[in-house]
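Read the structure below first, then the notes.
Every read-out reported here was derived from the displayed coordinates using simple, explicitly stated rules and does not represent laboratory data. Please read all numbers here as calculations on a predicted model, not as lab measurements. All Cβ positions, even for glycine, are placed from backbone atoms using ideal geometry, and neighbour counts span all protein chains on display.
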Amino acid sequence: MTTDTLTRPAPPATTAPPQPSIKTAITDMYGMRVPVIAGGLQWLANAEYVAAAGRAGIIGFMTAASLPELSDLRDEIRKCRDLCDGAPFGVNISMLPKLIEGDRTHQVIDVICEEGVRFVETSGRNPEPYLPALQSAGIKVLHKVPAVRFARKAQAVGVDAVSIVGAECGGHPGLDLIGTFVQARMAADLEIPYLIGGGVGTGSQLTAALGMGAAGVVVGTRFLVAEEIWAHPDYKQKLIDATERDTELIMESVRNTTRVLRNETSARVREIEETLERVTIEDLILHVAGKVGRVAYETGDWRKGSISVGQSVVFANQIEPLAEIVASFEREALDAIDRLKNLVPA
């Protein structure tokens with residue numbers, strides 16, 4: 001780890017963590033009220049959004065890959081810490097080679113450790129080479145995978161918890177395309193806490209996941225209409241108007257399957273994949289580059305760009321503060337728990 005002239009910031013003043021309304025190993029690990037992880041949203045997961053998640057009683061992870069300069073990452077971490085007011089937050093480290101090369105991953109980790117971040121989410125490939133640096137700094141590591149078989153490998157190398165996303169998720173559901181409900185039960189023999197994501201947008205789904213053995217859920221698409229998300233209102237309105245049928249899978253031909261909002265770009269990519277005998281990433285990159293999708297967030301023109309959206313978009317029904325969405329989630333989960341209690345004879 002680099003040491004230069006930077007000093008490790010003093011930890012925030014300790015305050016009693018919020019009393020969890022639903023207590024699991026994940027609420028204990030992060031010190032939060034509701035066992036919900038706000039999934040990484042690439043460009044959208046900035047300090048304001050992540051801090052709003054912490055204040056709402058859950059935890060979010062800002063996306064290091066969306067901050068091209070290490071100095072920007074450092075500034076965003078410090079900004080988030082100030083906005084969190086002692087609530088938990090973390091940083092997502094995507095180790096996909098196209099996003100962050102291996103040596104930059106080490107540099108990102110150096111910044112995270114130097115800034116005293118307590119929680120990290122890793123994704124993209126095996127995190128084993130980076131665990132010693134992270135865990136020696138006292139950082140809890142949550143590793144995100146698209147299938148239970150990868151979760152077992154992550155457990156074997158020593159991560160603290162795993163999140164498993166099913167085929168319904170926005171972004172990268174992996175190549176196996178196994179549904180969330182199936183994976184939730186398959187993972188029950190894991191010995192570390194696990195979360196389930198992909199198509200999760202209601203509190204009753206949280207209760208179902210807990211019933212199958214999960215310690216919580218990962219939510220991404222449902223939170224895209226939060227007021228704290230900086231994306232254009234027209235983009236959010238498109239999500240509100242969308243149904244569960246308005247997403248599709250692209251880029252299967254280059255083994256980088258992605259669930260996106262159905263639009264002109266997804267139609268063009270599908271056409272290329274169906275027409276060319278052999279498709280390479282160079283054939284698609286002009287259409288799916290991240291900077292193209294970012295324009296949709298900035299202008300509200302959702303027709304172009306590879307825009308990650310999951311099937312839980314059907315539950316995104318209005319623009320409102322993230323705290324209100326989380327509160328609804330919490331009420332729905334507790335109501336579902338009460339329904340289950342009523343099924344059991346006295």
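Would you mind telling me which residue in ILE178, ILE272, ILE26 has the biggest mean-square fluctuation in a Gaussian network model of the chain, where springs connect alpha carbons within a distance under 10 angstrom?
ILE272
Cβ under 10 Å from PHE61's Cβ, PHE61 left aside: what net charge do those residues give with Lys, Arg +1 and Asp, Glu -1?
Summing Lys/Arg as +1 and Asp/Glu as -1 gives 0.
Sum up the charges of everything whose Cβ sits under 10 Å from the Cβ of GLY39, counting Lys and Arg as +1 and Asp and Glu as -1, but leave GLY39 out.
Working: positive: LYS144, ARG222; negative: GLU121.
For residues surrounding GLY39, the net value is +1.
I want to check the label-to-label distance for ALA289 and ARG74. Put each point 7 Å from Cα in the C-beta direction and report it in nm to one decimal.
According to this spin-label approximation, the distance is 2.9 nm.
In the stretch 159-251, which trypsin sites (Lys or Arg not before Pro) fall in coil by DSSP and have 16 or fewer other Cβ atoms within 10 Å?
In loop regions of the stretch 159-251 (DSSP not H, G, I, E or B), the sparsely surrounded trypsin sites (Lys or Arg not before Pro) are ARG245.
At most 12 other Cβ atoms within 10 Å and a DSSP loop assignment: could you name the GluC sites (Glu not before Pro) in the stretch 44-97 that fit?
Of the GluC sites (Glu not before Pro), the ones in loops of the stretch 44-97 whose Cβ has at most 12 other Cβ atoms within 10 Å are GLU69.
Hand me the tally of lysine pairs in the chain: alpha carbons under 28 angstrom apart, and the pair either on different chains or 8 or more positions apart.
Close lysine pairs found across the chain: 26.
Kindly state, to the nearest 0.05, the FRET efficiency for ARG104 paired with GLU320, given R0 = 41 Å and r defined as their beta-carbon distance.
So the FRET efficiency works out to roughly 0.65.
For the stretch 266-309, which GluC sites (Glu not before Pro) pass both filters: DSSP loop (anything but H, G, I, E, B) and at most 15 other C-beta atoms within 10 Å?
Here the GluC sites (Glu not before Pro) that fit, given the DSSP loop and packing criteria, are GLU277.
Using the Cβ atoms and a cut-off under 13 Å, what net charge is assigned to the surroundings of PHE223, where Lys and Arg are +1 and Asp and Glu are -1?
For residues surrounding PHE223, the net value is -3.
Along each of its three principal axes, how wide is the spread of alpha-carbon positions in the chain, in whole angstrom units, largest first?
64, 57, 39
Which whole-number percentage describes the relative contact order of the chain, with Cα contacts under 8 Å and a sequence gap of 6 or more?
So the answer I get is 16 percent.
So, in nm, how far is label ILE240 from label LEU276 when the simple model puts each one 7 Å beyond its Cα toward the Cβ?
Here the answer is 3.9 nm between the modelled labels.
Measuring from the lowest to the highest alpha carbon on each principal axis, how far does the stretch 247-308 reach, largest first, in angstroms?
Projected onto the principal axes, the Cα atoms of the stretch 247-308 cover 35, 20, 16 Å.
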